[in-house]
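Participant: Take this structure, written in structure tokens, and hold onto it; I'll ask about it next.
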Amino acid sequence: MRNREVARALKEIALLLEVEGKDKFKPRAYRRAMRAITSLGEDIEAIAKRDELTEIPGVGKAIAEKISSFLETGKIDLLERLRERVPVKVMELEAVPGVGPKTIKLVYDELGVTDLDLLEKAAEEGRISDLKGMGKKTEDQIKEGIQLVRVGLERKLLSEAMAVCEPIELYIAEIPGVRKVVTTGSLRRRRETVGDLDILVDAEDAAKVMDAFVVYEKVTDVSAKGSTKSSIRLEGGFQVDLRVIPSDSFGAGLQYFTGSVDHNVRLRAIAQNAGLKLNEYGLFRGEEKVAGSDEAEIYSILGLDYVPPELRENKGEIEAAQQGELPELIEHDDIRGDLHTHTDASDGSNTIEEMLDAADARGFEYFCISDHTQSLTIANGMDEARLQKCIEEIDDLNASGRWKPTILKGAEVDILADGSLDIEDEVLAQLDVVTVSIHSRMKDSKEVMTDRVCHALENKYVHVLGHPSGRLLLKRPEFEIDLERVFEVAKSNRVLMELNAAPSRLDLNAGNLRAARRMGLKVAINTDAHKIHELDFMSYGVYQARRGWLTKEDVVNTLPLKKLMRVLSK
């Protein structure tokens, strides 16, 4: 779908209009249209073909014409004119945490900053702190944000990488004579972020694959083209390397190009100690190839159980595989429900009925509505009275029998500065799932943040700690917190840890998930969905759970409803 491209173009128009500063209302219109398109569950090209663009909320005739132009030509005349009048790389600057339209306009007007390099130079020279309303603290935050953006330019979220990779795999798979197509590397290990994409192909005719690969529709540059290996760069910046591997070496190639460097070094050492040699072409004893076509056979001959790709990081998986102690990792089909979702009662895009229809379509046994509470005013958080009405509404919806999933009453409750919660206990007591989260004062010291969270977990009505480290991948680092102490308090109070499946969070990280598992803590994999399509984030949560060595038994939303409710009863 081209929804993301269209939304990005509209967002750039809004930003440029704001920096230009001539019209206060047009930017709002473009942002409203951008948000609506981001929330669509359908390909915008299909909507355009039906001539129904103006039926999208916030898309009037003028904006619809610009969308049609973009879909047909890849350009919008207004955007091209704005880029000439305001020569600022607004999308690049806006990616820096804490830098919004007002700041972009300020540094452009006062300092002539037009791109990330000039912003960094201005910050390093201390010129930003001299501007009205900025100061040294803001300048330091901008410096920190720039470094995060630098990393982000080199790597992309797993979800973005998969969205790019899947169409390429399908395209290659349709080439006559292609037998197998697998993307390896960090994507196959389901790392949180991905650099380059490495694709392996088993095919009858390597030359035919190479010819088709370099003319793929999204190619912007062909870095190299060879008889068995080629490299391209795609729109959006991804580099993709493709190799054609013989069938009798395909398993060895998968192993070699999937494992981390440390995992592969360990495996080659094991082979060497056994008088064997392991490389991307196979496992050899002298000149004799003893394995190569099948990846699992290579592990078996080396005396190891098959190591799932997600675990190949040299974090103890080799020893566990040698001793037959690898966990049976959780699968997506084990998930029975979602315990953290939002509706338009707070900052979600869909009604409760629409979210329930989507949950029903996904076969959930239970589904929790957990909108924000009052302290998060930016998200239209609910006070006690509104939350009480929501509780009553859910009771009525359950009684209607319209949906197969049981609707659980929940809320994402804010943890305040002193560790108290922003909803009274008498209302919390009526909820099935109370998730507590940090949304403010993220720069608190480690001691203050830890005390704050631990105090919240001691409230007897709390069930889950939401996105425990507060990070946003490639945008915001984890806040300072002693998770070991948090885990101890959580275990004492029978509080669950959330694995937030939003691709921009994937919080907890793999190492912290393993630590939680060692301590006997249970985890809830939740999507934190604010739109219908975000319910599909559950897959990313399962990938992350597998990277954290979690089994079905470690995750509470694999339980049938009755057992889950016993866990939540505390």
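Participant: Quick one: net charge of Asp221's neighbours, Cβ under 12 Å, K/R +1, D/E -1?
Facilitator: That works out to +2.
Participant: Provide, for segment 408-524, the number of lysine pairs with alpha carbons under 18 Å apart, each pair being eight or more places apart or on different chains.
Facilitator: Going through segment 408-524 pair by pair, I get 5.
Participant: Loop-only check: which GluC sites (Glu not before Pro) in segment 415-490 are DSSP coil with at most 14 other Cβ within 10 angstrom?
Facilitator: The qualifying sites are Glu424, Glu458.
Participant: Here's another thing I want to ask about it. Show log10 I(q)/I(0) for segment 249-322 at q = 0.13 Å⁻¹, two decimals, from a solvent-free Debye sum over equal Cα scatterers.
Facilitator: -0.30
Participant: Ok, one more. DSSP loop trypsin sites (Lys or Arg not before Pro) in segment 130-175 with at most 12 other Cβ atoms within 10 Å of their Cβ, which ones?
Facilitator: Answer in residue order: Lys132.
Participant: How large is log10 of I(q)/I(0) for the chain at q = 0.05, 0.07, 0.08, 0.10 Å⁻¹ when the intensity is taken from the Debye formula with one equal scatterer per alpha-carbon?
Facilitator: One equal scatterer on each Cα of the chain leads to -0.24, -0.49, -0.65, -1.02.
Participant: Let me understand segment 399-490 better: what is its radius of gyration from the alpha carbons, and its Dmax, in angstrom?
Facilitator: 14.9, 48
Participant: How large is ³J(HN,Hα) for each residue in segment 159-175, as worked out from phi by the Karplus curve 6.51 cos²θ - 1.76 cosθ + 1.60 (θ = phi - 60°), to whole Hz, x for Gly and Pro?
Facilitator: So the Karplus estimates, Gly and Pro as x, are 4, 5, 5, 5, 5, 7, 6, 4, x, 5, 4, 5, 4, 5, 4, 7, 6 Hz.
Participant: Turning to a different aspect of this structure: If each of Gln239 and Lys404 carries a label point 7 Å out from its Cα toward its Cβ, how far apart are those two points in nm?
Facilitator: For the pair Gln239/Lys404, the computed spacing is 4.7 nm.
Participant: Something else: Which distance in nm do the two modelled labels at Ser260 and Glu110 give, with both placed 7 Å along the Cα-to-Cβ direction?
Facilitator: In this crude spin-label approximation the distance works out to 4.4 nm.
Participant: Right, something else. Using the Cα centre of segment 1-86 as the reference point, and only Cβ charges (+1 on K/R, -1 on D/E), how large is the resulting charge dipole? Debye, rounded to the nearest 20.
Facilitator: 400 debye
Participant: Per 0.36 nm of contour for each residue apart, how much would the distance between Asp305 and Leu397 grow if the chain were fully extended, relative to their Cα-Cα spacing?
Facilitator: 28.3 nm
Participant: For the chain, what does -39500 (n - 2.57) per DSSP helix run (n ≥ 4), summed and divided by total residues, give at 222 nm, in deg cm²/dmol to the nearest 500?
Facilitator: Value at 222 nm, helices only: -13000 deg cm²/dmol.
Participant: Please rank Ile168, Ile63, fewest neighbouring Cβ atoms within 10 Å first, as an exposure proxy.
Facilitator: Taking fewest neighbouring Cβ atoms as first place, the list is Ile168, Ile63.
Participant: Any chance you could run the full-extension gain for Glu447 through Arg494? It's 0.36 nm times the residue separation minus the Cα-Cα distance, nm to one decimal.
Facilitator: Between Glu447 and Arg494, full extension yields 14.7 nm more.
Participant: Taking the simple approach of a point 7 Å from Cα along Cα-to-Cβ for both Asn273 and Asp221, what is their distance in nm?
Facilitator: With each label point 7 Å from Cα toward Cβ, the separation is 4.4 nm.
Participant: Rank the residues His533, His340 as a footprinting-exposure proxy: fewest other Cβ atoms within 10 Å of their Cβ go first.
Facilitator: The fewest-first ordering by Cβ neighbours comes to His533, His340.
Participant: Also: Using only alpha carbon pairs under 8 Å that are at least six residues apart, calculate the relative contact order of segment 436-570 and give it in whole percent.
Facilitator: Computed value for segment 436-570: 21 percent relative contact order.
Participant: Do any GluC sites (Glu not before Pro) in segment 150-198 lie in a loop, going by DSSP, with at most 10 other beta-carbon atoms within 10 Å of their beta carbon, and if so which?
Facilitator: Glu174
Participant: What does the extension gain come out to for Lys132 and Arg28, with contour length at 0.36 nm per residue minus their alpha carbon separation?
Facilitator: 35.0 nm
Participant: Compare the peptides 6-19, 214-227 by average per-residue count of other Cβ atoms within 10 angstrom and give them in order, highest first.
Facilitator: Final packing ranking: 6-19, 214-227.
Participant: Do you know the relative contact order of segment 190-289, to the nearest whole percent, from alpha carbon pairs under 8 angstrom that are 6+ apart?
Facilitator: 23 percent
Participant: Can you tell me how segment 27-180 classifies by the Cα gyration tensor, rounded, prolate or oblate, using a/c under 1.5 as the rounded cut?
Facilitator: oblate
Participant: Averaging sequence separations of C-alpha pairs under 8 Å and six or more residues apart, then dividing by the length of segment 1-86, give the relative contact order as a whole percent.
Facilitator: 34 percent
Participant: Let me ask you something else. Using θ = phi - 60° and the Karplus form 6.51 cos²θ - 1.76 cosθ + 1.60, what ³J(HN,Hα) does each residue of segment 114-125 get, whole Hz, x for Gly and Pro?
Facilitator: 10, 8, 5, 4, 5, 5, 4, 4, 4, 5, 5, 7
Computed from the coordinates by the stated procedures, all read-outs in this text should not be read as laboratory data. If you're wondering where the values come from, they're calculated on a predicted model, not measured in any experiment. Glycine gets a Cβ as well: all are built from the backbone with ideal geometry, and neighbour counts include every protein chain shown.
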